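Computed from the coordinates by the stated procedures, all read-outs in this text should not be read as laboratory data. All figures in this text were calculated on a predicted structure; none of them were measured in a lab. Reconstructed Cβ throughout: ideal geometry from the backbone, glycine too, with neighbour counts over all protein chains shown.
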Amino acid sequence: METAKVHIRKNDIVKVITGREKGKVGRVLKVDRTNGRIFVEKLNLVKRHIKPGKAHPQGGIVEKEAPLAFSNVLVMCDKCNKPTRIGMQLDPGGKRSRVCKRCGDVLEAKKR
């Protein structure tokens with residue numbers, strides 16, 4: 001199975017451009033390259049019924065993030081503070097880095 005060419009990384013700040021959550025901004029929790037989907041913090045919430053267990057002794061209904069297609073989000077640039085497409089650029093040392101298509105600034109994933 002092929003993996004999708006995803007330029008979005010964990011801890012990136014992204015803006016949803018289409019769908020039910022259009023216009024909302026959040027931080028990427030997880031990237032699923034095989035299915036081309038991402039999980040964004042507190043966006044696309046769904047309710048799931050869970051059985052009682054160690055984590056939830058009572059069981060019940062829990063809200064959790066559902067995956068979004070990576071094509072439905074754009075990465076937010078730190079410098080221009082706008083959603084942007086991502087370009088790849090080779091550094092003089094041969095290292096690839098992600099670049100904002102609007103302002104040309106190098107993008108780094110936030111460390112938390």
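What the table shows:
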| quantity | calculated |
| --- | --- |
| Footprinting exposure proxy for ASP12, ASP91, ASP32 (fewest neighbouring C-beta atoms within 10 Å first) | ASP91, ASP32, ASP12 |
| GluC sites (Glu not before Pro) within segment 17-74: DSSP coil, no more than 15 neighbouring Cβ in 10 Å | GLU41 |
| Per-selection Kirkwood Rh - the chain (Cα, Å, 1 d.p.) | 15.6 Å |
| Exceeding the 22 Å Cα-Cα cut-off - candidates LYS15/LYS101; LYS10/LYS51; LYS79/LYS101; LYS64/LYS101 | LYS10/LYS51; LYS64/LYS101 |
| Taking ILE61, ILE86, ILE38, ILE17 and counting other C-beta atoms within 10 Å, the order from fewest to most | ILE61, ILE17, ILE86, ILE38 |
| Dipole of the chain, positive end: most advanced residue of GLY104, ASN44, PRO83 [Cβ charges, Cα centre] | ASN44 |
| Size-normalised alpha-carbon gyration radius of segment 41-106, reference 2.2 N^0.38 Å | 1.80 |
| Cleavage-rule hits (trypsin sites (Lys or Arg not before Pro)) in segment 13-65: DSSP loop, at most 14 neighbouring Cβ within 10 angstrom | ARG20, LYS22, ARG33, LYS42, LYS54 |
